[in-house]
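Visitor: Take this structure first; my questions come after.
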């Protein structure tokens, strides 16, 4: 009797992943020991950067590129999570930045949780490529600590001309103190040991609002123009495991695909009942993104992979665009050829 390979597994319980987490779907030859997400996303990513704690995990796309360039002992699986048009979530002080005028961000102070995080990477990339606002044109303010952050854990260095400061408070407090003009979101109460906590909100304050008055329309415009739904998180597997057991990569891919298929099927039968107008929203998203807005695979994500490598290089986080063979598990290329 063959014994399963036992792998530790840390991941957010996304609807597409729940069947894999609860055992409804099982990868062939593998037992996944689900660890939850101890400390939520920031802590798991920090633990992977510094301690290589889990065999299989969700991970920051940006931090993976940064760390892989330095020899991170993990390989990428083209299973992307937390896709987001993060630049449409930007909140501004309307007294210093006009809504629907991203060019007003030039010369302003912009708060991000972590300079290296993928959301911040995409925001800077889209601002440059779509609106000609370069990262050097803005003063960046990081709310995570200088050391206890992904940028700190990676020993990050700034590109020439980039200005970064460290804050002692969360976005809403910084807004109300007049210390920032923009932030990558409204800011929420955080239980993470990496993020700042706040008891303040500016969401209903008329002085503050979203950079784009119609963020959905702006996101659809970007998607139709570029064909990219920006991935923020990826899936990694310990390199030593796929070197010793190359079949593991394909087994995990098949399991994640099956788990997603079940989730999509269930969504078609019943949209989330807590989401008012859920059926309408589901159908509207389908008209833009098709039946599967979260495609897995290297070829299916080629545009997004190339763009995220391009902006990481442009922003000085990585020294070069690494060949895909240096990023992904080798067996996946064979599997895609077969398909």
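The values are calculated or read from the model by the stated rules, or taken from the named source; none is laboratory data. The shown structure was predicted, so the numbers you read here are calculated from the model rather than taken from an experiment. No Cβ is skipped: glycine too gets one built from the backbone with ideal geometry, and neighbour counts run over all protein chains shown.
Visitor: Confirm whether residue 254 is closer than 24 Å to residue 58 by Cβ and touching a strand residue (DSSP E or B) at 6+ places or on another chain (Cβ under 6 Å).
Guide: So residue 254 does not fit the description; no.
Visitor: Enumerate the pairs (first residue in segment 164-179 and over 14 Å from residue 109 (Cα atoms); second residue anywhere and modelled with pLDDT of 95 or more and crowded, with 20+ Cβ neighbours inside 10 Å) with beta-carbon separation below 7 Å, excluding pairs fewer than 6 apart on the same chain, so at least 6 apart or on different chains.
Guide: Qualifying pairs under 7 Å: none.
Visitor: Does residue 106 count as surrounded by fewer than 20 Cβ atoms within 10 Å (Cβ to Cβ) and not assigned by TED's automatic domain parsing to the domain that holds residue 323?
Guide: Yes, satisfied.
Visitor: Just checking, which of 62, 86 is crowded, with 24+ Cβ neighbours inside 10 Å and either under 30 Å from residue 323 (Cβ atoms) or at pLDDT below 95 (or both)?
Guide: After ruling out the rest, the residue left standing is 62.
Visitor: Give segment 159-179 a look and list any residue that's within 18 Å of residue 197 (Cβ to Cβ) and either in a loop (DSSP other than H, G, I, E, B) or touching a strand residue (DSSP E or B) at 6+ places or on another chain (Cβ under 8 Å) (or both), or say none.
Guide: 166, 167, 168, 169, 170, 171, 174, 175, 177, 179
Visitor: Residue 156 is checked against (1) over 23 Å from residue 231 (Cβ atoms); (2) in a loop (DSSP other than H, G, I, E, B) and fails just one. What number does that condition carry?
Guide: So the condition that residue 156 fails would be (1).
Results for (1) touching a strand residue (DSSP E or B) at 6+ places or on another chain (Cβ under 9 Å); (2) outside the structural domain of residue 97 (by TED's automatic domain parsing); (3) without any contact (Cβ under 8 Å) to a residue 40 or more places away in the chain, shown as yes or no for each residue.
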| residue | (1), (2), (3) |
| --- | --- |
| 200 | no, no, yes |
| 238 | yes, yes, no |
| 259 | no, yes, no |
| 269 | no, yes, yes |
| 279 | no, yes, yes |
| 289 | no, yes, no |
| 295 | yes, yes, yes |
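Visitor: Just for segment 113-153: of the residues that are over 17 Å from residue 63 (Cα atoms) and assigned to a loop (DSSP other than H, G, I, E, B), which one is nearest to the chain's Cα centre (by Cα)?
Guide: 143
Visitor: Restricting to segment 286-306, and then to whatever is under 27 Å from residue 323 (Cβ atoms) and assigned to a helix (DSSP H, G or I), can you tell me which residue is farthest from the chain's Cα centre (by Cα)?
Guide: The qualifying residue farthest from the chain's Cα centre (by Cα) is 299.
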